[in-house]
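The values are calculated or read from the model by the stated rules, or taken from the named source; none is laboratory data. Fair warning: this is a prediction, and the values are worked out from it, not measured in the lab. Reconstructed Cβ throughout: ideal geometry from the backbone, glycine too, with neighbour counts over all protein chains shown. Only protein heavy atoms, including side chains, enter the accessible area calculation; ligands, DNA and RNA are left aside. Shrake-Rupley method; radii C 1.70, N 1.55, O 1.52, S 1.80 Å.
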Amino acid sequence: MNTIQRTLIILFLTNFWASNAQVPEGYDLWLGYSKIENAATLENYRKVCSSIYFQQSSEISNTAKEELKRGLDKMLDQKTSFTNSHEKATSLVVATTNKLDNALLKILQSEIPKVQKNGFLIKSVNTGKKQQCIITAQDDAGLLYGVFRFLQLIQTEKAIDEIAILDNPRIDLRVLNHWDNLDRTVERGYAGFSLWNWQKLPESIDQRYIDYARANASIGINGTVLTNVNANALVLTPMYLEKVAALANVFRKYGIKIYLTARFSAPIEIGGLSTADPLDPEVQNWWDNKTKEIYKMIPDFGGFLVKANSEGQPGPQNYGRSHADGANMLAKSLQAFNGVVMWRAFVYSEHDPTDRAKQAYLEFVPFDGKFMDNVLIQSKNGPIDFQPREPFHPMFGAMPQTPLMMEFQITQEYLGFSTHLVFLPKLFEEVLQSDTYAKGKGSTVAKVIDGTLQGQKLTGIAGVSNIGNDLNWTGHPFAQANWFGFGRLAWNPNIASDQIAKEWLQLTYSSEPEFTKALIPMMINSREAVVNYMNPLGLHHIFDTGHHYGPGPWVSELSRPEWNPTYYHKADSLGVGFNRTRSGSNAISQYNKEFQTMIENLETCPEEYLLWFHHLPWDYKLQNGQTLWNGIALRYQKGVDQVEEMIATWNNMKQYVSENKYHETKMLLNIQLKEAKWWRDACLLYFQTFSKMPLPDGVDQPQHSLKHYKSLKFPFAPGIRPQWN
Ligand code: BDP
């Protein structure tokens, strides 16, 4: 079957079930709304929802009402009806605070002032006449989020008789970044093709757009960047803007704004100008007009995401200008419309011999305070590139006058594609809770990005989407948890990852305590497992080149030095690791003193960052007395063992999930095990050529020779653009 035939079949299937009531398993994500089985609980919920007053005032509140009805109909197995009078003694009232009657306002007077933008209050109150449950918010989006939370409480069978939940999002812009190309391929996408069917838009609205928006709204996501950061200027032409506007019309009802990636050279490519110099008035004028044109078609357009002067993308430096010049030019165009610029800090240059881990900081920190108010600087979580483990990016502790936006990668480019079960909220939590010491102890990354540390007004977080047109959206059924978890952390970056795992498992699979008790630890440990079998002890970027599928620590001949894994591990006969201390690249100097001191001192440097910051001899003694070589080998083995444990856990879960779901995950876990062994064997054989030491007891002998592993080629690995090959 060729690619075109395959595409046609996928597209056919996608449309086929959209017109059928019965959706494929996994399609409904965490919104399955299965019927409440416990009779007493069901009875109680039916009572609370027996008479609902829903005050509607906008498209978004219409959506909230529809969602409430849809969820309750299914879970309570009855037709939900609404009363149209507020006065009547209703059991459930859903209304924005300005529409609540005086009696309720009085009862809720201490809570209502605490409800903020997009936040909500769900509270059971006694009005004197009867017990009522109230869902209220300052704005309609808050109402929608409150409704979704209410439905989640019911789905997870929480007691709601005395409920009192006041929840405000901590971050304003909670955004997915799609790396989707106009030809529907997805850069680093492992779940099929792009959802956006550009050829059929604007006339044809796929049910998937609506279901995508529902899923996002249900976890509080309020923005989406439709296109790849390696941008194509064509999306800014009228033909495409019309299609974008059609999507915006769908998403608006769910409180979701659209953003586009702006190719910096667009004024030349589609505007006919001879330059894209940000200080040239003609260029500014071109962007001003383009922005006006966009807002005319999409009045609530969110703004631009820009990758500039990075990996070959054009940018202000092409004209001798700075990132601030480039970002501010676009910010000026967007200002009048309340649009924002999300300017990426993922930059490094092949012409700069400085340690790549230092380059973004050096390019951006001098411009702290020089960006306009509607610019956010979007930085990846670590200083290199979405590795299984990285220390936090030092910029988070060094730009007090700039809104810093976090960029996490939900798609598993470096974490096993969509065949490995890796629960990313554990990784995200580690980063968010890292201490930057920017204002002394407790200055966590979470506080930097939610604005509480430095008093930022504009706050944002982005997740590179793992969504495609696979029937279950994300390829691996458990990868849905990463989308869900990103949304939950975008709402509140301090939610514990095990809490997120529990919520997701209960909503998606089952609330059986035996099931969640076994699977929460499995999900939580899956993150450390992947670190162990891919990049233990601070090793990083030793992936095979281009597609990043599988190990390639031997790759050393690429033209750009910092694209070679050997640049990162620096293995030689003396030892392994990147010396980023004062005697090396001194990247540690970019961190605040406390972190620096902890890292520099080998006795206090956490072992998970050891080889990220230090080059150490193969016989260096780890804290447990093992040599470094043995420690590396045993960790690779441990990663494999952890996958075996995941399989053993899953084997016991058969009774809790459907036959199909059980088998799907089981097959994927077997691929994960095979690939974990591949990583272990290939990396250990390679590093052994330097250490010249035998594998310690407890480490399995490699299945093949190093030559074999080096010979493996994957020209059709998914998620890759030809130019990366
Ligand atoms: C790298 C990816 C590449 C992206 C780039 C980015 O391999 O496909 O374009 O990041 O974030 O990790 O711009």
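Residue-wise test of (1) at pLDDT below 95; (2) surrounded by fewer than 22 Cβ atoms within 10 Å (Cβ to Cβ); (3) in a helix (DSSP H, G or I).
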position	(1), (2), (3)
L611	no, no, yes
D619	no, yes, no
N624	no, yes, no
T649	no, yes, yes
Y662	no, yes, yes
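How about segment 85-145: which strands (runs of 3 or more DSSP E) wholly inside it have at least 1 residues that are among the basic types (K, R)?
On the way: elements: 92-96, 120-126, 131-137.
The qualifying strands (runs of 3 or more DSSP E) are 120-126.
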Right, I268: more than 16 Å from the ligand (Cβ to nearest atom), open to solvent by 20 Å² or more (accessible area, probe 1.4 Å) and within 28 Å of P202 (Cα to Cα) or not?
yes
By residue number, the members of segment 185-213 that are assigned to a loop (DSSP other than H, G, I, E, B) and more than 20 Å from the chain's Cα centre (by Cα) are N197, W198, Q199, K200, L201, P202, E203, S204, I205, D206
Looking across segment 279-309 at residues that are within 16 Å of the ligand (Cβ to nearest atom) and out of contact with any helix residue (DSSP H, G or I) (no Cβ under 6 Å at 6 or more places or on another chain), the single one that is farthest from E269 (Cα to Cα) is L305
Per the filter on segment 317-328, residues more than 28 Å from the chain's Cα centre (by Cα) and buried (at least 23 other Cβ atoms within 10 Å of the Cβ) are none
Would a scan of segment 153-172 turn up a residue that is of a type outside the set (S, T, N, Q), touching a residue at least 12 places away in the same chain (Cβ under 8 Å), within 16 Å of the ligand (Cβ to nearest atom) and more than 22 Å from V23 (Cβ to Cβ)? no
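Check A276, A336 and return the single one that is farther than 23 Å from A217 by Cα and open to solvent by less than 10 Å² (accessible area, probe 1.4 Å).
Values: A336 fails: open to solvent by less than 10 Å² (accessible area, probe 1.4 Å).
Only one candidate qualifies: A276.
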Residues in segment 543-552 that are crowded, with 24+ Cβ neighbours inside 10 Å and assigned to a loop (DSSP other than H, G, I, E, B) total 1
